[in-house]
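Chemist: Quick one: the structure is below, questions incoming.
The values are calculated or read from the model by the stated rules, or taken from the named source; none is laboratory data. Quick caveat: nothing in here was measured; it's all calculated off a predicted structure. Using ideal geometry, Cβ is built from the backbone for each residue, glycine included, and neighbour counts are taken over all protein chains shown. Note: areas computed on protein heavy atoms with side chains; ligands, DNA, RNA excluded. Shrake-Rupley method; radii C 1.70, N 1.55, O 1.52, S 1.80 Å.
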Amino acid sequence: QTPTPPPVELKDVIETDPRYIVGISYPPAATKYPALASELHRFAEVARQDLMKAVAETDPKKQTIPYDLTLNFAMLAESPQMVAVAADGNSFLGGAHSVPIIARYVWLPQANKMLRADTLLADPAGWGPISDYVREQLHAALSQRIDADELPPEERAETIRAIGKLIDTGTEPKPLSFRWFEPVLMPDDGKIMALRFVFPPYQVGPYVDGTRSVEVPAAMLMPLLAPEYRPLFTTEPPPVSAPVAAPPESATPQLE
């Protein structure tokens, strides 16, 4: 269990200065979970300190535009069993473009601890099949995008080779490669029917590809999970929505 830290006040931050701009927003509901709130606040503070360090180390005469940090924490799910929060933003510290910032947190209130990749599985070897599955999905999505671009054969082959190497490097079968994930929940009982692993730009593709994600179904994860986490998951298929009834046929003859 995670020791309960002293309460942290999650206050939205708006700071403007000729040399920097900071905007950080938190979901009010997160304050109900002190250890989770402490993690969110610490993550935001690290990003803010990185910004301030860059400002301090840059010659004001050479800084043409303000540096900035934008970070938004959003509640993805909240139940007695599970609270999930997404952090998305970006930071501009000079250079060609902003640097994306992402994180995902899954807090287990009843266990008073975070669900983390390094304790998710019963055996670290379980990351092997997960890595294989995720790589297959990312490579397939890459091929579809390349096909849609209708690149010349040589350029197509080179693009697939270069980005494919990023995919394989960024999905090595270890917890660090899969540290950010969010639950995909059943609508009726709130159990996890899949984990959506989230990869920031550069991890499995170039900057222009943005954030990528792959959903790994619970049916695949269940045999690999640490026993204590299995009750949070379900291998049942999601309920099928009732089909919408077709409108009655008009009695008015239709002209061909």
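Chemist: Can you pull out the residues in segment 111-138 that are part of a loop (DSSP other than H, G, I, E, B) and farther than 12 Å from residue 229 by Cβ? Don't jump to the end; show me each part of the working.
Modeler: We begin by selecting, within segment 111-138, every residue part of a loop (DSSP other than H, G, I, E, B); these are 111-112, 115-116, 122-123.
Correct list: 112, 123.
Chemist: Among the residues in segment 42-50, are any in contact (Cβ under 8 Å) with a residue 40 or more places away in the chain and under 23 Å from residue 204 (Cα atoms)?
Modeler: yes
Chemist: Could you please let me know if residue 176 is surrounded by fewer than 21 Cβ atoms within 10 Å (Cβ to Cβ) and not charged (D, E, K, R)? Even if it seems obvious, please write down each step before you answer.
Modeler: Values: surrounded by fewer than 21 Cβ atoms within 10 Å (Cβ to Cβ): yes; not charged (D, E, K, R): yes.
Against the criterion (surrounded by fewer than 21 Cβ atoms within 10 Å (Cβ to Cβ) and not charged (D, E, K, R)), residue 176 qualifies.
Chemist: Restricting segment 118-163 to residues that are among the basic types (Lys, Arg) and surrounded by 11 or more Cβ atoms within 10 Å (Cβ to Cβ), which is farthest from residue 176 (Cα to Cα)? Before you say what the answer is, go through the steps one by one.
Modeler: If we filter segment 118-163 for residues that are among the basic types (Lys, Arg), which is where we start, we get 135, 145, 156, 161.
Adding the requirement that they be surrounded by 11 or more Cβ atoms within 10 Å (Cβ to Cβ) leaves 135, 145, 156.
Values: 135: 15, 145: 27, 156: 30 Å.
Of everything passing the filter in segment 118-163, 156 is farthest from residue 176 (Cα to Cα).
Chemist: Moving on. Have a look at 244, 208 and point out the one that is open to solvent by 90 Å² or more (accessible area, probe 1.4 Å), farther than 24 Å from residue 107 by Cβ and modelled with pLDDT of 85 or more. Explain how you work it out, then say what you get.
Modeler: Details: 244 fails: modelled with pLDDT of 85 or more.
Exactly one of 244, 208 is open to solvent by 90 Å² or more (accessible area, probe 1.4 Å), farther than 24 Å from residue 107 by Cβ and modelled with pLDDT of 85 or more, namely 208.
Chemist: Now for a different question. Test residue 122 against the criterion of being of a type in the set (Gly, Ala, Ser) and out of contact with any helix residue (DSSP H, G or I) (no Cβ under 7 Å at 6 or more places or on another chain), and give yes or no. Before the answer, list the steps.
Modeler: Numbers: of a type in the set (Gly, Ala, Ser): yes; out of contact with any helix residue (DSSP H, G or I) (no Cβ under 7 Å at 6 or more places or on another chain): no.
Here the answer is no, as residue 122 does not meet what is asked.
Chemist: Now for a different question. Return the residue satisfying two criteria in turn: it lies in segment 81-100 and is aliphatic (A, V, I, L, M) and outside any loop (DSSP other than H, G, I, E, B), and of such residues it is farthest from residue 111 (Cα to Cα). Outline the logic, then answer.
Modeler: Filtering segment 81-100 for residues aliphatic (A, V, I, L, M) gives 82-87, 93, 96, 99.
Those still in the list that are outside any loop (DSSP other than H, G, I, E, B) too: 83-87, 99.
On the way: 83: 12, 84: 14, 85: 17, 86: 20, 87: 22, 99: 34 Å.
Looking at residues that are aliphatic (A, V, I, L, M) and outside any loop (DSSP other than H, G, I, E, B), I get 99.
Chemist: What residue, of 87, 96, 37, is hydrophobic (A, V, I, L, M, F, W, C), closer than 24 Å to residue 202 by Cα and at pLDDT 95 or above? Full working, then the answer.
Modeler: Numbers: 96 fails: at pLDDT 95 or above; 37 fails: closer than 24 Å to residue 202 by Cα.
Every option except 87 fails the conditions.
Chemist: Being part of a loop (DSSP other than H, G, I, E, B), aromatic (Phe, Trp, Tyr) and farther than 19 Å from residue 84 by Cβ is the filter here; which residues of segment 8-58 pass it? Steps first, answer last, please.
Modeler: Narrowing segment 8-58 to residues part of a loop (DSSP other than H, G, I, E, B): 8-12, 18-19, 26-27, 33, 58.
Next, only the ones that are aromatic (Phe, Trp, Tyr) stay: 26, 33.
Residues satisfying the conditions do not exist here.
Chemist: Could you count how many residues in segment 143-157 are farther than 16 Å from residue 208 by Cβ and of a type in the set (Asp, Glu)?
Modeler: 3
Chemist: Would you be able to tell me the number of residues in segment 215-237 that are charged (D, E, K, R) and open to solvent by 90 Å² or more (accessible area, probe 1.4 Å)?
Modeler: Of all residues in segment 215-237, those charged (D, E, K, R) come to 215, 228, 230, 236.
Applying the additional criterion that residues be open to solvent by 90 Å² or more (accessible area, probe 1.4 Å) yields 228, 236.
Adding up the residues that qualify gives 2.
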